[in-house]
Amino acid sequence: MIVVMKPGASQQQVDHVIDRIEQLGLRSHVIVGTERTVVAALGEKRDGAKQALETGEGVEKVVPILAPFKMASTEVKKDRTEVNVLGLSVGGKKIGVMAGPCSVESRSQIIDVAHIVREAGATALRGGAFKPRTSPYSFQGLKETGLQLLAEARDQTGLAIVTEVMAPEQVALVAQYADILQVGARNMQNYPLLEVAGESGLPILLKRGPSATMEEFLLAAEYILKTGNTQVMLCERGIRTFEDHTRFTLPLATVPYLHQTTHLPVVVDPSHGTGKASLVATMARAAVAAGADGLMVEIHPDPEKALSDGFQALTPPAFRQLMVDCRRVAVAVDREM
Ligand code: PEP
Ligand code: MN
């Protein structure tokens, strides 16, 4: 349920509503809007709770939340969530671009890429240190050394670092170095990981599972929001279909659909979404046209020699061109990049 306070309701009245919600055995979550405050009452349905809350002073009305994902829903929060970390802004007028290699491979590789990313005007550096690989024989990432190299790249460039965390017990370590924790597609429904990552307080980039429905995706985000961490970005990275001309199928209708359904920012990853370097720039432009709040793009100084996902990595010149072209599309849809 959402308890909608009257415009100008006092803090004391809001506090009273919070107390009542908690006495009813529900969790409260206060959202202060520009015009009025609303208090969400979350938990199992309780008989008589609606009536009990409606009588509170300063309460205008109590309405049910229909969506199963309560805190992620636009029913609870109408204004869009913006994630701001170092120079990266996602969810406002400016489109955030997170770019970098699939994996951190060496000091020179990540430092060079960081400078390329910054000079092209992107605002965050991505790079995996803990890599979820389909085969246990593939390169698994440089782990803590990779994290240290990412931190060094941040020190040199000021770029925010986004890197993946694969297990709850890795969160504390990764959080020492990262500015944003990525929860990868394979772990979208790893609920203990979502909770521990949420509790870190760092912004979370949550990637859609390749076979997850929108409802499952938003309920996964809900696990993070429930910890009190409101800084969640949803990332469409392609789904599994019968189609095999691309690595995954990148459904861009996800972007306007999520904008209607949730206040959380939406990021598109055209690299994993297509799995082919030659298709990435076009789909990045299409994502911007569709209203994406952010892009995540894999680039590599020498894609042929990449230790993971080289086939979908853009070369530095191709990435610079992507930025130029996406900026033009951004302007056409009244955004900045
Ligand atoms: C990645 O970003 O390199 C990655 C492994 O992505 P996903 O979880 O979308 O497969
Ligand atoms: Mn990758």
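The strands (runs of 3 or more DSSP E) located wholly in the range 199-273 include none with 2 or more residues which are within 16 Å of ligand 2 (Cβ to nearest atom), without any contact (Cβ under 8 Å) to a residue 40 or more places away in the chain and of a type in the set (Gly, Ala, Ser).
Using the structure shown, decide if residue 162 is closer than 27 Å to residue 224 by Cα, away from ligand 1 (no atom under 16 Å from the Cβ) and in contact with a Leu (Cβ under 8 Å, 6 or more places away or on another chain). Taking the combined requirement at face value, the residue does not satisfy it. Evaluate the range 270-280: report whether one residue or more is at positive phi and within 12 Å of ligand 1 (Cβ to nearest atom). Looking for residues that are at positive phi and within 12 Å of ligand 1 (Cβ to nearest atom), one finds at least one in the range 270-280, hence yes. Restricting attention to the range 174-185, the residues being within 15 Å of the chain's Cα centre (by Cα) and not β-branched (Val, Ile, Thr) number 6. Would you say residue 296 is within 16 Å of ligand 1 (Cβ to nearest atom) and either in a strand (DSSP E or B) or surrounded by fewer than 18 Cβ atoms within 10 Å (Cβ to Cβ) (or both)? So residue 296 fits the description; yes. The residue that is surrounded by the fewest Cβ atoms within 10 Å (Cβ to Cβ), among those in the range 299-318 that are in contact with a helix residue (DSSP H, G or I) (Cβ under 7 Å, 6 or more places away or on another chain) and in a helix (DSSP H, G or I), is 304. Is it the case that the range 188-210 has a residue that's over 29 Å from residue 148 (Cβ atoms) and at pLDDT below 95? No, every residue in the range 188-210 fails to be over 29 Å from residue 148 (Cβ atoms) and at pLDDT below 95. If you go through the range 195-252 and keep only what is of a type in the set (Asp, Glu) and farther than 21 Å from residue 70 by Cβ, you end up with 236, 243, 244.
The values are calculated or read from the model by the stated rules, or taken from the named source; none is laboratory data. Predicted, not measured: the structure shown is a model, and the values here were computed from it. Methodologically, a virtual Cβ is constructed for each residue, glycine included, from the backbone with ideal geometry; neighbour enumeration extends over all protein chains shown.
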